[in-house]
Amino acid sequence: MIPLAAFEEIIDASGAAPRIEAMLPIGARPRQLTVRTLLAGMCLAQADHRPAHLTRVHQALVSLPEYDQQRLGVIADWKHGPHLLTYRQTERTFGLVTDAAGKDEPAGLPSGRLQGICDDLLEASVPDQLTGASTSLAVDWTDLESFSRPPPRGTSDCADPEASWGHRKNNLLRSEDELFYGYYLSAGIMMREENGPAIPEIARRATLSSCRHDPVRAFAPVLTAMPGQGIPLGDILDDSGYAHRDAGAWAIPLRAAGAQLVQDLHPHDRGPKGTHHGAIISNGNLYCPRTPRPLLELGPLARTATNEQAADGERKTSELARHKPGRLTADDADGYHRVQCPAAMGKIRCPLRPSSMTLDRDRPEILSPPEHPQACCAQQTITVPADVLAKTAQKHDYPSAAWRRSYARRTGAERGFATAKDPATNHITRGWCRLMGLTPLMLFTTTLLIVRNQRILTAWDTRQQDNARRAARGLPPKTRSRHRKTLTLLAAATRPP
C-alpha cells in the first residue's frame, strides 16, 4: 500500500489544489472537504485497487487513522461536536471541481484548465532525480469505455453525450477492429535515451479525447507545450498510426518544439514517393536517381527474421545509405537545409563526378548515369525545403539497424497501458468509473496514472537495492524469471530418470 504522505507530497508539489480552490465558488459556510483532501482520497482509492467511484473515495477517507482524518478535515469540529465527512459532501466538492475545470459547452476535448491541472499532477509524480534523466517519450493511445450505453440508432440521446464510437484492436483470430463506445486515452511514457542507462518507465503526460476526435491531433498540443513548461523534448517514439497523419497534425508541430521523431512508417508511405530536383524521395530521405529500386523498397524486418536475414537487411540498408546525399547544413529558421550529391561526397562512384571515379571500387558505382542530369546531378548542392520530407523524415534512416534499436524502445508505451489496465490493480473496463463526461473520467484517470507511477518507482527501487546487494557479494544482477514454458522444457520435465 502506497502511503498517504507520498500522495500529499505530489499534490502539494503540483500546486493543483490551491489553483482549483481559487476557481470554486464561495458558499455561505466553508466546505468541510477541501480539494487537496479530495485528490488525496482519489489517489488512495486507486492505490487500494478500488474502482473509480465516489463512494470508494469516501470510504478511503473515512478509513484513515483518526489523526489523519482530523488533519485533513475528514473529521471537523461543528457547533454540536465532531462531524464525520459524508458521501454527499464528497459528491458536492467533486461536482464543483468538475464544473470549474470542464468546458461550458462539452465538446469531447479537455479544457485548458483541466489539461494543465492533470499535467502538473502527473509531472509532480516524477521524482526530482529523474526529471532530467531522459527527454525521450514513447507515445500511444488506447480505449477507455464510458459507463453509458450508446444512444439508440438514429438518435444522440444518452447519459454521456461527449463519448462516441471508436475502434480498438482485439485479441481474436480475426484481424477486424472492434467497436467500443467511449474515449481515447493518450499517454507519453518516459523512456531511456539511446545507449543510455535504464530508467523507470513513468507516465509523464496523458490526455483524454472523445472518439469523434483524432487522438493524434488531441495529444500533439500536450507534448508541444512541454518546452514552455521547462521540459525539453527529445526522441518521440511512435508507431505508423502517428506517422501516417498529415505532417501538420503531428510531425511539423513536434519538430518545431525541438523533438526528434523515431517512428514506423505506414505501408502507404514506404518506398519511392516522387522526386525533388531529380533526387528520389523515399522513406523520409532523398536518394540518387540511379539508386537500385530493390534498395528503395526495403521494409522493416519481420519478427520471425533469422540472424542471416537480419545481417542481409543490415548490409542492404548500409548500401542504401551510400546513395543518400550528404547533409551540409542544419535546418534554418524556415526548415530549409542543403545537401550534396553522394558521389561528390565520396560515397559512391559516378561518371558525372569524375573525381569520384578515382575512389576505391568497394563503393557502389553508377553504371548508367542519367542522359539529361537534373539539378541533383548537375549542381554541387541542392536546397531541400521544409515541406519535401515533412511527413516522413526522422532521426535515423528507415529501416536501418540504428532505427530498429532506437524504435524498440516504443514498446514502453504498451507496457505503460498494460500496467494501468492490469486486473490485479485497476482494471480499466466498462464500469471502472460510472461518472459521465470527459472531465470526471480524466481526473480519475490522472490519479490512476499517479498511483501507477508510484508502483513502478517502488518496484524499481526494490530491484536497484537487490542488485546493489548482489553486487556487494560479487554476484551479477538478477535476471527476470522465464515465464514461458516451451515443449522442450515440458518434455525434459516429464522424462523418466
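The values are calculated or read from the model by the stated rules, or taken from the named source; none is laboratory data. Source: prediction; values computed, not measured. A quick note on method: Cβ atoms are made from the backbone with ideal geometry, for glycine too, and the neighbour counts reach across all protein chains shown. Accessible surface areas use protein heavy atoms only, side chains included; no ligands, DNA or RNA. Shrake-Rupley method; radii C 1.70, N 1.55, O 1.52, S 1.80 Å.
Below, the figures for the structure above:
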quantity: Selected from Thr135, Thr419, Ile202, residue furthest toward positive end of dipole (the chain; charges at beta carbon); calculated: Thr419
quantity: Accessible area (Å², per residue) of the range 298-417, counting only protein heavy atoms and a probe of 1.4 Å; calculated: 56
quantity: Zone of Ala107's modelled label, taken as backbone nitrogen in the range 216-252 under 13 Å from a point 7 Å along Cα→Cβ; calculated: 218
quantity: Alpha carbon centroid spacing (whole Å) that separates the range 197-240 from the range 288-351; calculated: 30
quantity: Total formal charge among the other residues, if their Cβ is under 13 angstrom from that of His266, Lys/Arg +1 and Asp/Glu -1; calculated: -1
quantity: Of all accessible heavy-atom area on the chain, the percent that carbon and sulfur account for (1.4 Å); calculated: 52
quantity: Added length on full extension, which subtracts the Cα-Cα distance from 0.36 nm per residue, Arg455 to Arg415; calculated: 13.1 nm
quantity: Net lengthening on full extension, Tyr336/Glu66 (0.36 nm per residue, minus Cα-Cα); calculated: 90.7 nm
quantity: Positive-pole candidate from Ala22, Thr392, Pro227, dipole of the chain, charges at beta carbon; calculated: Thr392
quantity: For volume of the Cα convex hull per residue in Å³, calculated from these coordinates, the label among (1) 268; (2) 237; (3) 139; calculated: (2)
quantity: Mean Cα-pair separation over length for the range 1-98, i.e. relative contact order, pairs under 8 Å, 6 or more apart, %; calculated: 29
quantity: Area accessible to solvent at Ser63, 1.4 Å probe radius, in Å²; calculated: 80
quantity: Debye, to nearest 20: dipole size of the range 240-381, +1 on Lys, Arg Cβ, -1 on Asp, Glu Cβ; calculated: 200
quantity: Net charge of Cβ neighbours under 15 Å - reference Arg29; Lys, Arg +1; Asp, Glu -1; calculated: +3
quantity: Value of relative contact order over the chain, rounded to a whole percent, pairs C-alpha under 8 Å and six or more apart; calculated: 17
quantity: Label-point gap, in nm, between Glu365 and Ser156 - each point 7 angstrom along Cα→Cβ; calculated: 6.9
quantity: Positive-end residue of Ala302, Gly284, Thr317, charge dipole of the range 277-317 with Cβ unit charges; calculated: Gly284
